[in-house]
Amino acid sequence: MLRLIPLFKDLSDSDLALLGDLAIEKPVSKGTVIFTEGQDGDSLYLIASGRVKVFIGDEDGREIILKILGPGDFFGEMALIDKQPRSASVSTLESSTFRVLSHQAFELCIEKAPRIAAIVMQALAKRLRDADRKISTLALMDVYGRVANTLLELAIVNNGKLIVGEKLSQQDIANMVGASREMVNRILKDLSERGYISVESKTITIHDQKLPPSF
Ligand code: CMP
């Protein structure tokens with residue numbers, strides 16, 4: 001399984017074997033909170049299957065989704081690296097299987113296989129780039145642009161069609177762009193009526209990639 005993770009494709013057999021020996025398999029059902037922002041953290045999670053959302057919430061139950069992660073991604077590394085509390089909460093969007101590395105195992109991996117540290121640094125740099133993009137989108141675009149941009153960022157080609165790779169509820173999209181569900185509903189309806197997208201049982205197909213002018 002570890003060999004199939006793109007991030008680990010350049011690791012030697014012995015490095016992979018070390019990871020495989022130290023990472024404990026953990027199946028988790030849908031809707032489980034893995035940990036909450038502010039908790040002490042002592043493990044890193046590799047996603048073998050399933051999907052999770054990384055989010056920050058407030059006392060009123062509102063949340064902003066920072067990222068949806070899937071097979072081959074990992075999370076929980078930040079608290080291990082800087083020894084600070086968890087920076088965000090993580091919960092499963094579907095039943096998932098993780099390979100969990102304890103803090104001790106993580107440090108042993110890095111000591112014995114420094115290439116793993118380089119991989120984690122690469123992933124952190126990518127996350128920072130994504131976060132920078134998200135900050136600029138939130139600061140510079142109106143809600144219409146933010147919704148359109150989020151759909152395009154999640155788009156993948158499937159059977160020759162450009163579709164949004166995640167099955168998202170309108171509330172999920174609202175939580176990703178910092179808007180109300182009602183607003184997202186209005187925007188998706190408008191995009192559909194103008195032929196930019198079509199929505200069928202939570203699958204969004206994109207027909208035109210040009211961002212529409214705001215309404
Ligand atoms: P940690 O702070 O230990 O716990 C929360 C985890 O969520 C964090 O480590 C990262 O693995 C992950 N995380 C936090 N912010 C982001 C982000 N913007 N994009 C992707 N993952 C994130």
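Residues in region 78-126 that are under 16 Å from the mean Cα position of the chain (by Cα) and closer than 18 Å to G20 by Cβ: T97, F98, V120.
Which members of region 24-38 meet the condition of being exposed (fewer than 12 other Cβ atoms within 10 Å of the Cβ) and polar (S, T, N, Q)? Passing the criteria: only S29.
Matching residues to (1) open to solvent by less than 10 Å² (accessible area, probe 1.4 Å); (2) over 25 Å from D130 (Cα atoms):
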{"position": "L2", "(1), (2)": "no, no"}
{"position": "L19", "(1), (2)": "yes, yes"}
{"position": "L22", "(1), (2)": "no, yes"}
{"position": "S43", "(1), (2)": "no, no"}
{"position": "R51", "(1), (2)": "no, no"}
{"position": "E59", "(1), (2)": "no, yes"}
{"position": "L108", "(1), (2)": "no, yes"}
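For (1) more than 22 Å from I187 (Cβ to Cβ); (2) open to solvent by 50 Å² or more (accessible area, probe 1.4 Å); (3) small (G, A, S), each residue gets a yes or a no:
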site	(1), (2), (3)
R99	yes, no, no
P114	yes, yes, no
A118	yes, no, yes
Q122	yes, yes, no
T137	no, no, no
Y144	no, no, no
I156	no, yes, no
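Comparison of L93, L101, L124, L66 shows that the only residue that is near the ligand (Cβ under 10 Å from one of its atoms) and within 16 Å of L46 (Cα to Cα) is L124.
Scan region 69-84 for residues that are touching a strand residue (DSSP E or B) at 6+ places or on another chain (Cβ under 8 Å) and within 13 Å of the ligand (Cβ to nearest atom) and the total you get is 8. Contact map, region 177-192: residues that are surrounded by fewer than 16 Cβ atoms within 10 Å (Cβ to Cβ) paired with residues that are of a type outside the set (A, V, I, L, M, F, W, C) and part of a loop (DSSP other than H, G, I, E, B), Cβ distance under 7 Å, separation 6+ or inter-chain. No pairs are found.
The values are calculated or read from the model by the stated rules, or taken from the named source; none is laboratory data. Since we're looking at a predicted model, the values are computed, not measured. FYI the Cβ positions are ideal-geometry reconstructions off the backbone, even for glycines, and counts take in every protein chain you see. Heads up: the accessible areas ignore ligands, DNA and RNA and are worked out on the full protein's heavy atoms, side chains in. Shrake-Rupley method; radii C 1.70, N 1.55, O 1.52, S 1.80 Å.
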